[in-house]
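Participant: Provided herewith is a single structure, encoded as structure tokens, for subsequent inquiry.
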Amino acid sequence: MKKIVDQIGAAVRQWDGPQTQDLVLSPGEFGLGKVPERFKPDDVTTVVCGFCSTGCGLQVHMKDGKAINLSADADYPVNLGMACPKGWEALTPLRADDRATTPMLRNEQTGELEPVDWERALVLFCERFKEIKAKHGEESVAFLSTGQIVTEEMAFLGALFKFGMGFVHCDSNTRQCMATSHVAYKQSFGFDAPPYTYADFEQSDVLVFIGSNLCIAHPIMWQRVMRNRHHPDIIVIDPRKTETAMAATQHYAIQPKSDLVLLYGLANILIASGWIDRGYIDAHTTGFDGFAEFVREFTTCRVTRDTGLSSDQIWLLADTIAKGKRVSFWWTMGINQGHEATRSAQAIINLALMTGNMGRPGTGANSVTGQCNAMGSRVYGNITSLLGGHDPANEAHRAKVAGALGLDPSVIPREPSWAYDEIVEGIRAGKIKGLWVIATNSSHSWVQQQDFNELLAKLDFLVVQDLYFTTDTAQHADLVLPAAGWGEKEGTFINSERRIGLIKKVSRAPGQALSDFNIFKLVAQYWGCGEMFTRWSSPENAFELLKEISRGQPCDMTGIRNYAMIDESGGVQWPFAENASDASTERRLFADGAYFHADGKAKFLFELPREAPDKPDRDFPFILLTGRGTSSQWHTQTRTSKSDVLRQLYPAQAYAELNSDDAEGLAIRSGERVRISSRRASVTATAFVTPTVAPGQLFMPMHYIETNALTVPAFDPYSRQPSYKFCAVKVERLK
Ligand SMILES: Nc1nc2c(c(=O)[nH]1)N[C@H]1C(S)=C(S)[C@@H](COP(=O)(O)OP(=O)(O)OC[C@H]3O[C@@H](n4cnc5c(=O)[nH]c(N)nc54)[C@H](O)[C@@H]3O)O[C@H]1N2
Ligand SMILES: Nc1nc2c(c(=O)[nH]1)N[C@H]1C(S)=C(S)[C@@H](COP(=O)(O)OP(=O)(O)OC[C@H]3O[C@@H](n4cnc5c(=O)[nH]c(N)nc54)[C@H](O)[C@@H]3O)O[C@H]1N2
Ligand code: SF4
Ligand SMILES: [Mo]
């Protein structure tokens with residue numbers, strides 16, 4: 001492996017030398033050529049960042065037509081001249097030695113991945129998946145994709161796989177991340193629609209962060225909070241005293257997974273005290289009376305018992321919310337990743353609705369999204385809903401989408417895809433025989449890792465499409481397809497505030513790596529369904545198709561003329577329908593109180609709390625929390641670990657934070673190696689003793705491969721999102 005990395009590394013370092021393209025395809029057509037002519041040799045151009053969902057504008061500095069440096073764009077309306085370490089280092093991972101520069105096929109004799117040409121790779125890709133389909137049917141091949149490729153690529157993939165190749169099951173890492181928000185909004189509001197604009201961070205007088213470590217995970221959003229001139233109360237509800245909690249005015253260190261009880265208890269106090277907005281409730285919601293009756297059993301006594309908070313704390317929290325004139329509620333993975341996640345997210349939505357904190361500046365029930373294009377995958381992934389948030393079972397929707405794409409509606413499957421965990425179980429049951437993994441590193445990021453990796457061996461054919469041929473998942477692949485990354489291709493991302501931003505080709509991909517868009521185009525041709533996708537000739541033409549599909553939907557973007565308009569406006573937030581004026585005006589949803597259900601009203605949804613699975617006991621006495629470690633690390637580190645600068649900013653080895661009292665009891669000192677075991681596996685890590693983690697709890701960042709060896713396959717029943725942040729473990733000092 002090392003030898004191949006060195007060889008390819010040498011090739012990558014020479015990537016601006018003359019190219020030898022022995023592709024059977026025309027390189028110009030498939031984007032292998034130079035950076036587009038429209039950049040003058042020494043231009044500066046703005047590109048939206050490809051890491052987190054904040055969607056900062058980065059200025060790329062070009063010299064002699066090559067990207068040489070980056071800086072934060074002072075005029076971009078999202079980040080106003082700021083960027084976090086990942087953004088500043090965004091070009092570095094593109095130049096890594098382990099970039100996949102040609103397709104690679106596993107040699108069955110040696111077990112090594114070996115370079116092959118695109119022709120052979122594509123023929124094999126189609127032959128193997130067609131063989132599986134012929135033998136085992138249309139449910140036997142699945143894909144797992146991502147929230148990190150451009151919307152045009154996601155939509156193309158979803159359309160190609162289901163309408164062209166004729167398969168049924170597919171999902172993406174958005175299931176690990178945003179499925180809960182998606183389902184919660186859809187059920188409560190009638191459409192998956194985070195309602196806010198980032199100006200709300202600056203306009204609130206009370207900000208409530210629930211299971212969100214904004215300082216670390218969304219540092220530039222946090223900077224927007226810091227610009228708030230209203231001396232706001234900043235409330236953090238998180239079992240850990242996170243960086244965000246340290247900067248808050250109130251921190252509530254609740255027992256893990258007691259959020260639902262706390263939120264219902266708060267609702268009970270607010271209702272019983274008359275601290276609600278009856279006018280708003282009557283005009284814009286349904287189901288409130290049932291909810292009011294339901295929450296009566298969530299007495300302060302019960303809330304104190306389940307959450308570990310005192311009654312004074314709970315009343316102070318309720319009082320602060322009641323007194324706020326512009327209260328905004330923000331949640332992220334502390335809520336979305338849980339066994340009762342959807343109802344917890346809806347309990348937050350219920351608080352915003354009943355206090356009338358919706359639709360006005362500084363308010364909202366706001367899910368902070370995660371990946372650069374989480375919102376693109378939610379609306380255009382063609383996975384849980386039909387493209388553009390349509391319903392595959394609705395005949396009018398099928399006809400509309402098929403019409404916009406020039407297809408016959410009969411090619412659109414009516415049955416829903418399996419969710420990620422169901423696809424995994426499908427492999428176990430021998431139903432899924434072929435898997436195509438695109439821009440996600442499941443072997444590291446999925447729960448109960450060894451089990452997942454063992455299951456991969458059961459597949460007849462595994463294809464991994466990534467920037468790097470060294471990812472944990474690529475280690476199991478039969479075929480690796482080399483993808484161009486952010487900065488090496490064009491398209492759009494949708495950020496947390498629904499802003500459509502542009503990424504541009506400012507650098508050319510090494511070797512024969514192709515944009516995912518072009519890989520999908522080639523797959524369509526080689527599969528024999530190319531003629532169905534002639535309208536998808538370029539990302540910008542695909543964007544035109546998506547615009548048409550969005551017509552009349554809450555996410556309508558028919559008013560966006562072209563990419564140039566997105567570029568000139570600093571991104572455009574949806575909705576932006578034809579004839580809408582001023583693309584650069586900030587937009588929040590529900591200013592008119594009209595929700596997307598047929599009756600125009602939002603729904604109060606609620607359900608009795610349940611015990612978390614995998615609770616601690618005598619043998620496994622600790623609760624393991626997992627999440628983001630530093631603002632310099634991105635997920636499974638395939639990209640951020642390539643930067644010498646970023647690597648200086650975090651520990652190289654896996655570490656576990658534990659409370660000082662627990663450490664003393666176990667005679668563990670900071671810096672010592674420990675063994676951490678769950679009911680599924682044992683791993684080693686460095687102990688980091690800190691008062692920021694409560695007694696009885698441990699915290700491990702997800703960036704290290706060790707963490708998901710321990711996690712439990714437990715899921716929210718509605719969103720099927722994994723409960724990554726709760727499992728029982730024990731910790732022992734290594735002798
Ligand atoms: N630097 C960096 N930034 C990132 C990412 C990254 O990898 N690195 N990833 C991006 C992505 S995809 C995402 S989804 C976001 C995630 O952004 P966040 O959700 O903010 O990050 P996490 O650390 O996963 O989880 C947030 C907090 O949930 C808390 N928590 C755990 N259990 C509970 C609970 O039961 N109740 C409550 N209330 N809180 C709980 C944890 O202690 C943690 O502090 O970050 C994005 N930004
Ligand atoms: N224990 C625990 N586990 C977690 C979480 C947690 O909080 N705790 N969080 C979960 C969450 S919220 C998320 S979002 C997931 C993230 O989990 P993953 O999606 O598995 O993590 P990444 O490292 O972002 O993997 C993305 C892959 O795509 C590749 N890539 C990047 N850009 C492109 C591109 O343009 N094209 C192609 N083809 N490839 C590209 C990268 O090299 C990388 O290998 O992890 C989840 N796992
Ligand atoms: S905050 Fe997010 S979008 Fe902004 S520079 Fe950092 S990683 Fe990129
Ligand atoms: Mo995520």
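Participant: Please state the relative contact order of the chain as a whole percent: Cα pairs under 8 Å, 6+ residues apart?
Facilitator: For the chain, the relative contact order is 19 percent.
Participant: Rank-order 449-462, 201-214 by packing density, defined as the average count of other C-beta atoms within 10 Å over each peptide's residues, highest first.
Facilitator: Answer by packing, highest mean first, reads 201-214, 449-462.
Participant: What size of dipole, in debye to the nearest 20, comes out for the chain about its Cα centre when the only charges are +1 on Lys and Arg C-beta atoms and -1 on Asp and Glu C-beta atoms?
Facilitator: 700
Participant: Please report Rg over Rh for the chain, where both radii come from the alpha carbon positions and Rh follows the Kirkwood definition.
Facilitator: 0.95
Participant: Within the stretch 331-356, whose backbone N sits under 18 Å from a point 7 Å along Cα→Cβ of D282?
Facilitator: 353-356
Participant: When the chain is fully extended, how far beyond the present Cα-Cα distance does M565 get from Q250, taking 0.36 nm per residue of separation?
Facilitator: Extra length from M565 to Q250 when fully extended: 109.2 nm.
Participant: Another question about this same structure. In nm, to one decimal, how far is the E611 label point from the Q109 one, both placed 7 Å along Cα→Cβ?
Facilitator: The answer from the label model is 5.8 nm.
Participant: Can you compute log10 of I(q)/I(0) for the stretch 622-733 with the Debye formula, treating each Cα as one identical point scatterer, at q = 0.19 Å⁻¹?
Facilitator: -0.98
Participant: Excluding same-chain residues fewer than 8 positions from K66, which aspartates and glutamates have a Cα within less than 13 Å of its Cα?
Facilitator: D16, E37, D42, D43, E488
Participant: While we're here: Would you mind checking the tilt of helix 2-13 against the longest principal axis of the Cα atoms of the chain, expressed as 0 to 90 degrees and rounded to 10?
Facilitator: 80
Participant: Further, regarding this structure: Round to a whole angstrom and tell me the spacing of the C-alpha centers of the stretch 229-297 and the stretch 643-681.
Facilitator: Here the two parts' Cα centres lie 33 Å apart.
Participant: At q = 0.13, 0.14 Å⁻¹, what is the base-10 log of I(q)/I(0) for the stretch 191-367 according to the Debye formula with one equal point scatterer per Cα and no solvent? Please give it to two decimals.
Facilitator: The computed values of log10 I(q)/I(0) come out as -0.58, -0.68.
Participant: May I pose another question? Taking 27 Å as the cut-off for C-alpha to C-alpha distance, list the pairs among K489/K642; K433/K642; K433/K504; K40/K642 that go past it.
Facilitator: Table pairs above 27 Å Cα-Cα are K433/K642; K433/K504; K40/K642.
Participant: How far is helix 259-272 tilted off the main Cα axis of the chain, in degrees rounded to 10, range 0 to 90?
Facilitator: Compared with the principal axis, the helix lies near 40 degrees.
Participant: How large is the convex hull of the C-alpha atoms of the stretch 363-518 per residue, in Å³?
Facilitator: Value for the stretch 363-518: 164 Å³ per residue.
Participant: How many angstrom lie between the C-alpha centres of the stretch 552-625 and the stretch 344-386?
Facilitator: 4
Participant: In degrees from 0 to 90, rounded to the nearest 10, what is the angle of the helix 311-323 Cα long axis to the longest principal axis of the chain?
Facilitator: 70
Participant: A further question follows. Which value, in debye to the nearest 20, describes the size of the charge dipole of the stretch 191-367 about its Cα centre when Lys and Arg Cβ atoms bear +1, Asp and Glu Cβ atoms bear -1, and nothing else is charged?
Facilitator: Rounded to the nearest 20 debye, it is 320 debye.
Participant: Could you run the Karplus curve 6.51 cos²θ - 1.76 cosθ + 1.60 with θ = phi - 60° over the stretch 595-606 and give me ³J(HN,Hα) per residue in whole Hz, x for Gly and Pro?
Facilitator: With the stated coefficients, the stretch 595-606 comes to 9, 8, 5, 4, 8, x, 10, 8, 9, 7, 10, 7 Hz.
Participant: List the lysines whose alpha-carbon lies under 30 Å from that of K601, not counting same-chain residues fewer than 8 positions away?
Facilitator: Correct list for K601: K186, K257, K323, K325, K400, K547.
Participant: What is the extension gain from K325 to C529, computed as 0.36 nm multiplied by their sequence separation minus the C-alpha to C-alpha distance, in nm to one decimal?
Facilitator: 67.8 nm
Participant: Given a Förster radius of 22 Å and the C-beta distance between K135 and D451 as r, what FRET efficiency does 1/(1 + (r/R0)^6) yield to the nearest 0.05?
Facilitator: The formula returns an efficiency of 0.30 here.
Readers should treat all values here as calculations from the given coordinates under stated rules, not as data from a laboratory. Only a predicted model underlies this, so the values are computations on that prediction, with no experimental measurement involved. Here Cβ is always computed from backbone atoms with ideal geometry, including for glycine, and neighbour counts include all displayed protein chains.
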